Amino acid sequence: MSVLVYVDHIKGTVKKGTYEAVNYAAKVAESLGGKEVIALALGTTNNDSLAALGTYGASKVLTVNDAAFDTFDSRPIAKVIAEAASANAAEVVVFSHNSSGKALAPRVAVRLEAGLITGASSVPSGDDFTVRRSVFSGKAFADYTINSAIKVLSVNPNSFPLEEGEGTASVEAFSTSVGAGDFKVKVLEVSRSTDTVPLPEAELVVSAGRGLKGPENWGMVEDLATILGATTACSRPVADVGWRPHHEHVGQTGVTVQPNLYIAIGISGAIQHLAGVNNSKVIVVINKDPEAPFFKAADYGIVGDAFEVVPKLIEALKEFKNS
Amino acid sequence: MKLLVCICKTPDTTAKISFTNDNTQFDTNNVSFIMNPTDEWYALVRAIEVKEQLGGTVTVITVGQKDLDQIVRKALAIGADNAVRVNAEPTDAYFVAKQIAAHAQGENYDLIFTGKETIDYNGFMVGGMLAELLDLPFVSLANHMEIEGNTATVSRDIEGGVEKLTVDTPFVVSAQKGMAEQRIPNMRGIMMARRKPLKVVEPVAAASLISTKVYELPPERKSVKLVDPENPAELVRLLHEEAKVI
Ligand SMILES: Cc1cc2nc3c(=O)[nH]c(=O)nc-3n(C[C@H](O)[C@H](O)[C@H](O)COP(=O)(O)OP(=O)(O)OC[C@H]3O[C@@H](n4cnc5c(N)ncnc54)[C@H](O)[C@@H]3O)c2cc1C
Ligand SMILES: Nc1ncnc2c1ncn2[C@@H]1O[C@H](COP(=O)(O)O)[C@@H](O)[C@H]1O
């Protein structure tokens, strides 16, 4: 009996979402009376960083050291995960609710005839395995129970603080029936901006809206983000008119974020925008209109002209960082 | 090309969310429903564009009750050719995927579209489950797709970037922003939609693997603390000392 976690990595560098998933799996294992936590890493990996998953709660890491798995194709990968789950009598399979997990978790759930809860924000509790997640794009929560013997869960990014303990995991090869011939998706290229944390995982976000008047004014938004080490985001109309790239669009029809700090500059706070940011821990709003609805959803606010306030805020942060 | 688009309903984006029956049910009183935006704006429109370019048919399918017919008619007015409604209340994603798979099994679709997620239950589940049930490749979160012959070149969103790939039909794709631009149905489309076939079929037996126990509204945020615009250093202090986020 075990809890299995899928390891998402970029050329051997394990993603933060995986650490969260391993932490989560360890809590699930404990609540089930101390099951073994086994991680599964596919493709070219590095044994030291896999052994380090022990500090997050894994006791063993299974590897399939086949370069075919260096690119993403959900069909063969889900097959290997299901094989590993069966071979290790996994009761629960855990993913990070990221771009890989969103494609893999549903497939694995079908293969194992397991109930699936995506974007879990609580550790399962009670005899009926109750799990909480956000629904209605952040406007409410729902508690679900899973009715099947095997369960699949994906963990919402940034929902749990990372806990590091002691320990190293043993690394073992896993043999699978799946190989290069099962791959149907050919990845041509992957382009990733490496200098900032991806928006869904970001702990600090600086976001701006139509109040900034034009793309030429984003310099100060970027400066503010840089000094904080934050990721930039925007409202939908800003992405629609092409001032900013689509992947920065936050809200009900864009990305949902759950950072520790969300700073909204020149964004009115329409219900569809709020839906994507409601789960932020702290919200700061800078808007020249004291009646802007966003102030009702904010923890801190500055009523003022962004073109005056933001440069001053940058100066104040510089001083803070230097002190 | 034989194309299938999965569509569903969601509460209007401005709907006030509340619950009844001891918070075990979504209160649909005074809520109007729309076609799920990613299904309408991106999946459906891209499917219609592919048909316009390469020929073929666009079928829309939904799992839902009679009230869905209005949303299905809108999809037909935008440009789908025919529709199937599986006459059942969707209980969970697995149940929905089973129904769509049962329809798709004998039909040999070249391409099956879903939206990336529904904006009510935000599952990100149906597309992947459907692909697995049909043993097809699944390209999720697609923001661009071109088709030549039977090979598609697709870009999809990944954390902090984009992945470009090729895959041969048939496959399942989940569409998101970037795939297409919203189309507003015109008068002619609306008239034609009335005569397009809408087939109602009964569901196949399928388990529901999860159930909803209770809903809860998030706690109200405390009222906002305003900081003097001349003194942003005070904001920095509050974020550091009080909120402890920087
Ligand atoms: C179906 C549907 C889905 C949608 N999904 C989304 C979504 O996912 N995400 C999203 O963001 N929107 C979404 N929208 C759009 C949403 O309704 C709003 O129109 C949008 O969020 C407004 O963007 P904004 O706040 O940038 O612009 P505006 O509403 O124009 O607000 C600009 C704000 O800037 C302030 N301002 C102006 N000048 C200054 C200045 N010099 N200094 C400081 N403040 C200033 C103004 O007071 C105002 O509050 C959706 C709409 C629909 C119908
Ligand atoms: N009841 C349904 N009928 C048909 N398609 C659906 C239904 N529910 C969800 N879908 C499709 O699956 C996608 C993802 O839904 P979900 O997994 O619930 O977030 C949606 O964008 C639709 O394309």
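So which residues of the stretch A:86-121 lose at least 40 Å² of accessible area, probe 1.4 Å, when you go from the chain by itself to every protein chain present?
Hits at the 40 Å² cut-off: A:S99, A:K102, A:P106, A:R107, A:V110, A:L116.
Accessible area, 1.4 Å probe, largest first: how do B:M145, B:M191 sort?
B:M191, B:M145
Dipole of the protein assembly as shown (Lys/Arg Cβ +1, Asp/Glu Cβ -1, origin at the Cα centre): which of B:N30, A:G219, A:V94 lies farthest to the positive side?
Most positive-ward Cα: B:N30.
Accessible area of the stretch A:199-322 with a 1.4 Å probe: how many percent of it is carbon plus sulfur?
Here it works out to 52 percent.
Once phi is turned into θ = phi - 60°, what whole-Hz ³J(HN,Hα) does the Karplus curve with 6.51, -1.76 and 1.60 give for every residue of the stretch A:224-237, x standing for Gly and Pro?
Each residue's phi maps through the Karplus curve to give 4, 5, 4, 5, 8, x, 9, 9, 8, 8, 7, 7, 4, x Hz.
Buried accessible area between A and B (1.4 Å probe, both chains summed, ligands and nucleic acids excluded), in Å² to the nearest 100?
In total, this chain pair buries about 7200 Å².
Please report the antiparallel percentage of DSSP beta bridges with both residues in the protein assembly as shown, rounded to the nearest 5.
Bridges in the protein assembly as shown are about 35 percent antiparallel.
Would you work out what percent of the accessible area of chain B, with all protein chains in place, is carbon or sulfur (probe 1.4 Å)?
49 percent
If you average over every viewing direction, what projected area does the convex hull of the Cα atoms of chain A give, in nm²?
Convex hull of Cα atoms, orientation-averaged projection: 17.8 nm².
Can you give me the C-alpha center-to-center distance between the stretch B:201-229 and the stretch A:257-275, rounded to a whole angstrom?
Distance between centres, Cα-based: 18 Å.
Hey, got a sec? Which trypsin sites (Lys or Arg not before Pro) in the stretch A:1-86 land in a DSSP loop and have at most 13 other Cβ atoms within 10 Å?
When the trypsin sites (Lys or Arg not before Pro) of the stretch A:1-86 are filtered for loop state and at most 13 Cβ neighbours within 10 Å, A:K11 remain.
Round to a whole number: what % of the accessible area of the stretch A:1-135 belongs to carbon and sulfur, probe 1.4 Å?
Here carbon and sulfur together make up 46 percent of the probe-accessible area.
Considering only protein heavy atoms, what is the solvent-accessible area of A:E222 at a probe of 1.4 Å, reported in Å² to the nearest 10?
80 Å²
Rounded, prolate or oblate: which fits the stretch A:23-79 when a ≥ b ≥ c are the square roots of the eigenvalues of the alpha-carbon gyration tensor, with rounded for a/c under 1.5 and prolate only if a/b beats b/c?
Taking the square roots of the gyration eigenvalues as a ≥ b ≥ c, the stretch A:23-79 is oblate.
Please list 3J(HN,Hα) in residue order for the stretch A:65-78, calculated via the Karplus relation 6.51 cos²θ - 1.76 cosθ + 1.60 where θ = phi - 60°; whole Hz, with x for glycine and proline.
Here the 3J(HN,Hα) series is 8, 10, 4, 4, 7, 6, 10, 8, 9, 5, 5, x, 5, 4 Hz.
Is the C-alpha gyration tensor of the stretch A:199-322 telling us rounded, prolate or oblate? Criteria: a/c under 1.5 is rounded; beyond that, a/b larger than b/c is prolate, otherwise oblate.
Here the stretch A:199-322 falls in the rounded category.
I'd like the residues of the stretch B:107-122 whose 1.4 Å-probe accessible area shrinks by no less than 40 Å² going from the isolated chain to the full set of protein chains.
Relative to the lone chain, where solvent access is computed with a 1.4 Å probe, the stretch B:107-122 loses at least 40 Å² at B:I119, B:Y121, B:N122.
Return a whole-number percent for the relative contact order of chain B, with Cα pairs under 8 Å and 6 or more residues apart as the contact set.
After rounding, I find 24 percent.
If you take the alpha carbon radius of gyration of the protein assembly as shown and divide it by 2.2 N^0.38 Å, what ratio comes out, to two decimals?
0.96
B:I61 accessible area, nearest 10 Å², 1.4 Å probe?
Near enough 0 Å² of accessible area.
Ordered by residue, what ³J(HN,Hα) values in Hz, to whole numbers, does the stretch B:25-38 give under the Karplus form 6.51 cos²θ - 1.76 cosθ + 1.60, where θ = phi - 60° and Gly and Pro are x?
With coefficients 6.51, -1.76 and 1.60, one gets 9, 5, 7, 8, 4, 6, 9, 9, 9, 10, 6, 3, x, 5 Hz.
I'd like the distance between the alpha-carbon centres of the stretch B:32-96 and the stretch A:159-224, rounded to an integer number of Å.
Result: 32 Å between the Cα centres.
Classify chain B from the C-alpha gyration tensor, please: rounded if a/c falls under 1.5, else prolate or oblate depending on whether a/b exceeds b/c.
Prolate, because a/c is 1.5 or more and a/b exceeds b/c.
Report the accessible area of B:Y121, computed with a 1.4 Å probe over the heavy atoms of all protein chains in place, in Å² rounded to the nearest 10.
80 Å²
When ligands, DNA and RNA are left out and all protein chains stay put, how many square angstrom of accessible area per residue does the protein assembly as shown have with a 1.4 Å probe?
Dividing the accessible area of the protein assembly as shown by its residue count gives 40 Å².
Just for the stretch B:70-201, what percent of DSSP beta bridges are antiparallel, to the closest 5?
Antiparallel: roughly 55 percent of the beta bridges in the stretch B:70-201.
The values are calculated or read from the model by the stated rules, or taken from the named source; none is laboratory data. In this text, all values refer to a predicted model and were calculated from it rather than measured experimentally. Counting neighbours? That spans all protein chains shown, and the Cβs are built from the backbone with ideal geometry, glycine included. Heavy atoms of the whole protein, side chains included, go into the accessibility calculation; ligands, DNA and RNA do not. Shrake-Rupley method; radii C 1.70, N 1.55, O 1.52, S 1.80 Å.
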